[in-house]
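A short worksheet on the structure shown next.
The values are calculated or read from the model by the stated rules, or taken from the named source; none is laboratory data. Since we're looking at a predicted model, the values are computed, not measured. Reconstructed Cβ throughout: ideal geometry from the backbone, glycine too, with neighbour counts over all protein chains shown.
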Amino acid sequence: MRVTRGQQIAVKRPTQSSDGQGGYTEGFATIATERGHIRPASSSEIVRAGQEKGRMTHVAYIRAGSSVEFGDVLVIANPALRLEVTGVRKPSNTASGQMEIDCKAIQK
């Protein structure tokens, strides 16, 4: 996958709703829609993530200040891609004004 810029990215957060019988059902609620871009993680980023006991397949860039958290799911329509957020970092280049978000692809 090549770098895709200016993509519409839906930020979804896990939710729990009562099922009316003492239990609950799990789902996802869209908390924001952002513009950003996604790129595949480099081999050195994947190795570093493995050493930190995590997994990483992609890096997303969304404007700083967005409400993205660990455990959220990023959904990109084209190409169809669902990514679990495994880490959120401040940008290494503060002039970019974007957060760097480590992600792991979710298989359908």
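For the stretch 13-27, the condition of being in a strand (DSSP E or B), within 16 Å of D102 (Cβ to Cβ) and either at pLDDT 85 or above or of a type in the set (V, I, T) (or both) holds for none of the residues. Is it fair to say T4 is farther than 20 Å from K90 by Cβ, modelled with pLDDT of 80 or more and in contact with a Lys or Arg (Cβ under 9 Å, 6 or more places away or on another chain)? For T4, the condition - farther than 20 Å from K90 by Cβ, modelled with pLDDT of 80 or more and in contact with a Lys or Arg (Cβ under 9 Å, 6 or more places away or on another chain) - is not met. Within the stretch 62-76, residues that are over 15 Å from T15 (Cα atoms) reach no partner that is among the aromatic types (F, W, Y) and surrounded by 12 or more Cβ atoms within 10 Å (Cβ to Cβ) with beta carbons closer than 6 Å at six or more positions or on different chains.
If you filter the stretch 39-62 down to residues that are farther than 15 Å from L83 by Cβ and not in a helix (DSSP H, G or I), you find that the one that is modelled with the highest pLDDT is S42. With (1) at pLDDT 90 or above; (2) in a strand (DSSP E or B); (3) exposed (fewer than 15 other Cβ atoms within 10 Å of the Cβ) as the list, and G36 as the residue in question, which single condition is left unmet? Failing condition for G36: (3).
When restricted to residues that are buried (at least 19 other Cβ atoms within 10 Å of the Cβ) and over 8 Å from the mean Cα position of the chain (by Cα), the stretch 67-76 contains 1.
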